[in-house]
Amino acid sequence: MHTLHTYLLFHVLFCLGQKVHGHDIINGKKAKKNSMQYMAHLTGRGGCGGFLVSEDFVMSAAHCAGLTEVTLGTHNLNKIDRNTMIYSVEKQCQHPNYDNNTLSNDIMLLKLSRKAQMGKKKIKPVKLPSKNPKPLKAKQKCTVAGWGLTKTAGNSADELQVVDVPVIDLKECKNLWGRSLPPEVICAGGYNTPKGICQGDSGGPLVCKGVAVGVVSFNNKSNCDYPDLPNVYTDISKFLPWINDILKKKKC
């Protein structure tokens, strides 16, 4: 069983991994152009993924705090065109109960410095779960996308990558990890499959049937050589009152 010390060491390594400018998903493929118009690339102190949830806010992981710039409307970070929009972060809204040691409540909303230009621009928000969403089924196929590393300490690409990952039963996931996981999580990919997330993908969305259900949170000690242990995502449905309150008031 992993000790808390091992977990804390993992978290330090994971956060350091965010500072590597990687741009890929493990065993994924290039996303079709304009297929994921909600995807955001966050930069500043390191790099993370994120996704547009309203004209004012992008969602990401709380452990990605400190990022100051949001890029929307592009899949290739080296190609800036008329659809690419770059915004400053006006306000970071980390969940008030976020725990930097356990990564519990690992979710954050970033208020943009100005409204996202949608309409003619190739930018639009992704749907969030309804008030009473149907439970995800084990082995249900979902997708995750990002600009993270191709493998542990591996090469990087500049084009958005996407991969299908199967949902893993939460009880099984906790047994596999061999210790307590945060209660508000979803497990998908990284186990019984060579596909999953890597450093730099943090904060990106897990999308099931067109709905963003999870936020990329962590993997096993920054190891992206799968199959290994299940990848862990923050379960968005557990935070809907907090999310909706901020989106309505446009502040935190």
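Can you name every one of the strands (runs of 3 or more DSSP E) wholly within segment 49-154 that holds 2 or more residues which are surrounded by fewer than 19 Cβ atoms within 10 Å (Cβ to Cβ) and without any contact (Cβ under 8 Å) to a residue 24 or more places away in the chain?
So the answer is 85-94.
Across segment 41-72, the number of residues qualifying as small (Gly, Ala, Ser) and closer than 20 Å to VAL144 by Cβ comes to 7.
For segment 161-208, which positions are in contact with a strand residue (DSSP E or B) (Cβ under 9 Å, 6 or more places away or on another chain) and in a helix (DSSP H, G or I)? LEU170, GLU172, CYS173, LYS174, LEU176, TRP177, listed by residue number. The numbered conditions (1) touching a Ser or Thr at 6+ places or on another chain (Cβ under 9 Å); (2) within 26 Å of LYS134 (Cβ to Cβ) are all true for CYS224 except (2). Return yes when LYS195 is basic (Lys, Arg) and within 30 Å of GLY73 (Cβ to Cβ) and no when it is not. Yes. For segment 214-229, filtered to residues that are part of a loop (DSSP other than H, G, I, E, B) and of a type in the set (S, T, N, Q), the residue that is nearest to ARG179 (Cα to Cα) is ASN219.
Just one of the numbered conditions (1) in contact with a Leu (Cβ under 6 Å, 6 or more places away or on another chain); (2) modelled with pLDDT of 95 or more is not true of ASP106: (1).
The values are calculated or read from the model by the stated rules, or taken from the named source; none is laboratory data. Note that this is a predicted model, so its numbers are computed, not measured. Counting neighbours? That spans all protein chains shown, and the Cβs are built from the backbone with ideal geometry, glycine included.
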